[in-house]
1. Of everything in region A:21-41, what is open to solvent by 50 Å² or more (accessible area, probe 1.4 Å) and either at the interface with chain B (Cβ under 8 Å from one of its Cβ atoms) or not in a helix (DSSP H, G or I) (or both)? Give them in sequence order.
2. Please enumerate the residues belonging to region B:46-55 that are more than 8 Å from chain A (Cβ to nearest Cβ) and free of Cβ contacts under 8 Å to residues at least 40 places away in the same chain.
3. Given the condition within 22 Å of B:Met1 (Cβ to Cβ), open to solvent by 30 Å² or more (accessible area, probe 1.4 Å) and away from chain A (no Cβ under 13 Å), answer yes or no: does some residue in region B:82-98 qualify?
Number of protein chains: 2
Amino acid sequence: MKERYFDDLKVGNRFQSEPFKVTGKTIIEFAEKYDPQKFHFNAKSAERSIFKGLTASGWHTAAITMRLFVKTLNFAEGAIGLGVDKLRWPNPVRPGDALRVRTEIIRLRPSRSKPNYGIIRLRNETKNQRGEIVQTMMASAMVSRRADARDHKPTDHKTTD
Amino acid sequence: MKERYFDDLKVGNRFQSEPFKVTGKTIIEFAEKYDPQKFHFNAKSAERSIFKGLTASGWHTAAITMRLFVKTLNFAEGAIGLGVDKLRWPNPVRPGDALRVRTEIIRLRPSRSKPNYGIIRLRNETKNQRGEIVQTMMASAMVSRRADARDHKPTDHKTTD
């Protein structure tokens, strides 16, 4: 699979991940470790909850989204997360759901302090197999520039910051 | 441990979690599942990375923060995450770090659509054993009201929304 660098991206580029199947077992495993609230790992509590059944922790959905994003974009030297904004979970994730992530590149700029890196701003939207949105977020990440592009400026960045 | 309801909280309340030790093994396990970038699970890639050593995925730090928050606040019927803003990772988490979360209640209001619930706005700050901030975030969550408080309004909420 093609490895990507900062310089390969343009504002407006869109990417679609492969689907990822979420099982009840992994929902419970994740919740027991990282979101130990009964309605996320106990079948009876889940039934009595506002969701009327087992649902994944929002942080599990976020983690799965990261996996799909990383695999789809496949940055040559990785993407270092700087921050996330407007992380929302408009619908729950349930056992058997198959999630896909759509990524859109919103902004690109070279790093001010690290000439070998560029900063990307992106939007990730995670949907289930019925097309319902289960998560949206904006994120900034630092990714490597191509060696031959480190003296150049990309064409699609804001020059004001 | 005391179980909490929406009505037990006041704006300005602060809570401090127990420490949570992060191991290299769990950093690698989490990364292989949810953030499969070499510098998060391969020792050599980690050494060559900008961090010069193994570091946890930001989503792992977020998941550990959720665990500590949930255990500390101990909501009687759980906290349902509505959204997160300004999630930042100013310093990396490394093997052996012991993380603690400090929670501050920023705002409280009854749910408009669900009279049995209230909405809390909070700030979580996660620090390592040296007092370095490894994560900050703002979050909104829905939590149950006490049965005898469902007809009342809490004293510390904004009445305009």
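The values are calculated or read from the model by the stated rules, or taken from the named source; none is laboratory data. This is a predicted model, so every value here is computed, not measured. Note that we place each Cβ from the backbone using ideal geometry, even for glycine, and neighbour counts take in every protein chain shown. Accessible surface is based on the protein model in full, side chains and every heavy atom, while ligands, DNA and RNA are left aside. Shrake-Rupley method; radii C 1.70, N 1.55, O 1.52, S 1.80 Å.
1. Of everything in region A:21-41, those that are open to solvent by 50 Å² or more (accessible area, probe 1.4 Å) and either at the interface with chain B (Cβ under 8 Å from one of its Cβ atoms) or not in a helix (DSSP H, G or I) (or both) turn out to be A:Lys21, A:Thr23, A:Lys33, A:Lys38.
2. Kept after step one, since they are more than 8 Å from chain A (Cβ to nearest Cβ), are these residues of region B:46-55: B:46-48, B:51-55.
Selection gives B:Ala46, B:Glu47, B:Arg48, B:Lys52, B:Thr55.
3. Step one: filter region B:82-98 for residues within 22 Å of B:Met1 (Cβ to Cβ), giving B:98.
Adding the requirement that they be open to solvent by 30 Å² or more (accessible area, probe 1.4 Å) leaves none.
No, region B:82-98 contains no residue that is within 22 Å of B:Met1 (Cβ to Cβ), open to solvent by 30 Å² or more (accessible area, probe 1.4 Å) and away from chain A (no Cβ under 13 Å).
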